[in-house]
Amino acid sequence: MAENIRMDSHKLIYHPETVARWLKGEMIYPIEIEISPSGACNHRCVFCAVDYVGYRPDFLDKDTILRDIAQMSKKGLKSVICSGEGEPLLNKDMPEIAKGIRAWGVDVAMSTNGALFTKEKAEDCLEAFTWIRFSVASMEEDSYNSIQRGQAGDLGRVKVNLAEAVRLKRDKKLKTTLGVQCLLMPENMGQLPGMARQLREIGVDYFTIKPYSQHLHSGNTFQIDYSAMLELEKEIRQYATETFQIYFRANAMKKIHHEKCYQQCHGLPFMTHIDARGNVWPCVAHIGTEEFCYGNIYEQTFEEIWEGSRRREITDKLNCLDINKVCREACRLDEINRYLDELKHPGEHVNFI
C-alpha cells in the first residue's frame, strides 16, 4: 500500500484547523461519527463488547441519517464508520446509506463480519467505501466457529466474499482499501501466521491484529496477558509485502492494565456515536447509560442535539468522572487524548523547536 494508515496511532494531526478552534474553546462538529445501521447481529462473538445491549432488531432509518449527514457535511464532518452494536449489512438499506453518505462528499467505511457481503452487495456499493474491514477471528473452521459463533458455513462464505471483493476492486480499479481485523486471543494466536499467509494469497490490502479491551458493561470478560504474545509480531510480519501490510497493534497491547496519563477525554467533540435506535452517545463506551445520551435523531436533528444544552451538561459531567474507571483500556480515543492533552498542557521549552 502506498500510505501508512496509522492503525495504532491517530490522524488528528491532519486536521489542525479544527484542533486550533477547539484549543480556542470554540464549538466544533465531529470530524468522524460511528453509526450503527443495525442493532441485530448474525454472530455472537465471545469478545463482543456490546453484548449487554441485547442484539435488538433495530435498524437506522436511511432518510433520517442521510438528512443529518447532509447537515453535518457542511459543519465539518469528514467521515462515517458503519459499525456499532450489530452487523451493518442486516440493514437492508446499508448499500443506499453508504452511497448516500458518499454523495454528500463524506468518506464512508464499514466494519463487518463479512458473511453477508456477497458478490451482489459488493457490486452494488463497494465503490462508495473508502475502506471495509472484515472482522475474522480465524481462518480455521473450528476456531472461527467457537469464537465468532455464527451460522454453519460462515467462514467459507467470508472467504468467498473476500475474494470477490478483491476481484471487483481490481477489475474496476477501485481505491477501496480492503482489510481484515483479528482480535488476538490465546485460542487463535498460534494460527495467525498461517492466517496472514492465506490473506496475502487472497489479495486483501492489510491484516491487523488488535488486543481485547474490556467494556465496562459487557458480560464477556477476559484476562489476557499480552506481554507474553508480543513476540508473535515478528513471526507474522514475515508475510508483509509492499502490497500487503501487517498492523500488529503492539502499542495498544502494551497499554492494557495501565492507567491513562490524562485526566479527561478531550476527544469527545471530535467524534461521536449514533446507535441503531437513533440515540446519540459520546462514544461506544457509554451506549445504554441513559444519563449520557445526548438525544435522539428521530426527535431532534443532529444539529439541535449537538448545539443543545444537554450535550454541554453531559460533557461537563463526564469531565468530572475518573476516566480510569469509566472508560475502556486502549480505547479508540486514547492516542487522540494523549495528543490533545499535550497541546493543553505543554512542557517547558516548547518554543525551541
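Each value in this text was obtained by applying a stated rule to the coordinates, not by laboratory testing. Bear in mind that the values here come from a model prediction, so they are computed numbers and not experimental data. Neighbour counts run over all protein chains shown; Cβ positions are idealised from the backbone, glycine included.
Of G267, G150, G25, the residue with the greatest mean-square motion in the GNM of the chain, using alpha carbon springs below 10 Å, is G25. Local charge for Q238 was computed over the other residues whose Cβ lies under 11 Å away, with Lys and Arg +1 and Asp and Glu -1, and equals +2.
Extent of the stretch 247-302 along its three principal axes (Cα atoms, max minus min coordinate, largest first): 42, 27, 20 Å. The C-alpha atoms of the stretch 264-347 occupy a region whose extents along the principal axes are 44, 23, 19 Å, arranged from largest to smallest. Seen from a random direction on average, the alpha-carbon convex hull of the stretch 22-123 projects onto 7.7 square nanometres. Which residue fluctuates most in the GNM of the chain (Cα springs below 10 Å): V19, V136, V106? Result: V19 has the largest fluctuation of those listed.
Out of every Cα-Cα pair that the stretch 6-81 contains, those further apart than 18 angstrom amount to 58 percent. Note on the stretch 117-150 and the stretch 183-231: Cα centroid distance 16 Å, given to the nearest whole angstrom.
When the chain is treated as a Gaussian network with alpha carbon springs shorter than 10 Å, the biggest mean-square fluctuation among K62, K169, K74 belongs to K74.
Past the 18 angstrom mark, what percentage of all C-alpha to C-alpha distances in the stretch 138-215 do you count? Counting every Cα pair in the stretch 138-215, those more than 18 Å apart make up 45 percent. Taking all Cα pairs closer than 8 Å and separated by 6 or more residues, the relative contact order of the stretch 78-169 comes to 29 percent. What the pair-distance distribution of the chain shows, using all Cα-Cα distances binned every 10 Å from zero, is 5, 24, 35, 27, 9, 1, 0 percent. With a ≥ b ≥ c the root eigenvalues of the C-alpha gyration tensor of the stretch 95-233, is it rounded (a/c under 1.5), prolate (a/b larger than b/c) or oblate? Taking the square roots of the gyration eigenvalues as a ≥ b ≥ c, the stretch 95-233 is prolate.
Can you give the local net charge around A228? Use residues other than it whose beta-carbon is closer than 15 angstrom to its beta-carbon, Lys and Arg +1, Asp and Glu -1. Before the final figure, lay out each step's value.
Details: positive: K234, K254; negative: E187, D225, E231, E233, E235.
Combined, the nearby Lys, Arg, Asp and Glu give -3.
With the biggest extent put first, the Cα atoms of the stretch 213-353 measure 52, 46, 33 Å across the principal axes. In the chain, helical runs assigned H by DSSP with n ≥ 4 each contribute -39500 (n - 2.57); averaged across all residues and rounded to the nearest 500, the mean residue ellipticity at 222 nm is -9500 deg cm²/dmol.
At most 12 other Cβ atoms within 10 Å plus a DSSP loop assignment makes a site exposed; report the longest stretch of the chain without any exposed GluC sites (Glu not before Pro). For GluC sites (Glu not before Pro) (loop position, at most 12 other Cβ atoms within 10 Å), the longest site-free span of the chain is 27-230. Spin-label model, R67/K92: points 7 Å from Cα along the beta carbon direction are separated by 2.1 nm. Each DSSP beta bridge with both residues in the chain is either parallel or antiparallel, and the antiparallel ones are about 15%. Kindly provide log₁₀ I(q)/I(0) values, in the same order as q = 0.31 Å⁻¹, from the Debye equation applied to equal alpha-carbon scatterers of the stretch 227-276. Debye curve over Cα of the stretch 227-276, log10 I(q)/I(0) at q = 0.31 Å⁻¹: -1.20.
When the dipole is taken about the Cα centre of the chain, and only Lys, Arg (+1) and Asp, Glu (-1) are charged at their Cβ, what size is it in debye, to the nearest 20?
Its charge dipole is roughly 640 debye.
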